[in-house]
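First comes the structure, then the notes that go with it.
The values are calculated or read from the model by the stated rules, or taken from the named source; none is laboratory data. Note that the structure is a prediction, hence the values are computed from the model and not measured. Heads up, the Cβs are rebuilt from the backbone with ideal geometry, glycines too, and the neighbour counts pull from every protein chain shown.
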Amino acid sequence: MKVRRRRVTRRYRGAASPSPPPILPPPDLATEIEQSVEARDRLEALAAHAAAERDKSKPDFLRLFASEMRSIGTDSNNALERLAAWQAQDARAAQRSDALRQLSEMFKERVEQFKLNSKGEAEVALRRIIGRLTVEREKPGADKNTINKRIERLLAEQESLRPASPPAPPPPAPPRPPKEITTPPQRPAKGKPQPRERGGI
């Protein structure tokens, strides 16, 4: 009787996916500050855009729903599904907006710490960003108005890092005119009493 041997199939595990390369720290502190400033500004713009989009979400939904009711009608089930879908979308938008706002605040605090503890490196970082934006502004199709506003903001931020110049000394006081020396009025000298003439009576 032949004994059938089971073929043992060896399963070769596929090669492990290569791990992503480690993120190296910036080469210097000025570059780290530069990246933090750009992240702060970018996140601030994204948070403002997300908040504006969420504010328009409800009116847009109601406008579309009213138009559909007029054209094709609706029933209770459809209304429930549409409302649930919009609420899920609005909840997701709220999470996205809140996450962007929190990240923006975190980078604002980080940049302020850099400006407080490393003013020289922070000024170098701001100068680099301003120079890059100045070049970008001249490219065709660039939004010059937005770039100019950002440059003005960064210039004001850069100016706040410079030490305040000491106050100018007050102008010298004008010389005082010499006081007039007034001699006190002299009293007339008292005359000596004249001897009385003797006369006989």
Subject >> Conditions (1) under 14 Å from the mean Cα position of the chain (by Cα); (2) more than 23 Å from Ala52 (Cβ to Cβ); number of the one not met by Leu103 >> reply: (2)
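Looking at this structure, is Ala66 assigned to a helix (DSSP H, G or I), out of contact with any strand residue (DSSP E or B) (no Cβ under 8 Å at 6 or more places or on another chain) and loosely packed, with under 11 Cβ neighbours inside 10 Å?
Considered against the rule, which asks whether it is assigned to a helix (DSSP H, G or I), out of contact with any strand residue (DSSP E or B) (no Cβ under 8 Å at 6 or more places or on another chain) and loosely packed, with under 11 Cβ neighbours inside 10 Å, Ala66 comes out as yes.
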Original post:
Out of the stretch 109-144, which residues are closer than 22 Å to Ala51 by Cβ and surrounded by 17 or more Cβ atoms within 10 Å (Cβ to Cβ)?
Top reply: Val111
Original post:
Quick check: is even one residue across the stretch 149-161 at pLDDT below 90, among the aliphatic types (A, V, I, L, M) and not in a helix (DSSP H, G or I)?
Top reply: no
Subject >> Lone unmet requirement of (1) modelled with pLDDT of 95 or more; (2) of a type in the set (S, T, N, Q); (3) surrounded by fewer than 13 Cβ atoms within 10 Å (Cβ to Cβ) for Ser36 >> reply: (3)
**OP:** Examine the stretch 64-87 for a residue that is under 16 Å from the mean Cα position of the chain (by Cα), among the aliphatic types (A, V, I, L, M) and over 26 Å from Ala48 (Cα atoms), and state whether such a residue exists.
**Re:** no
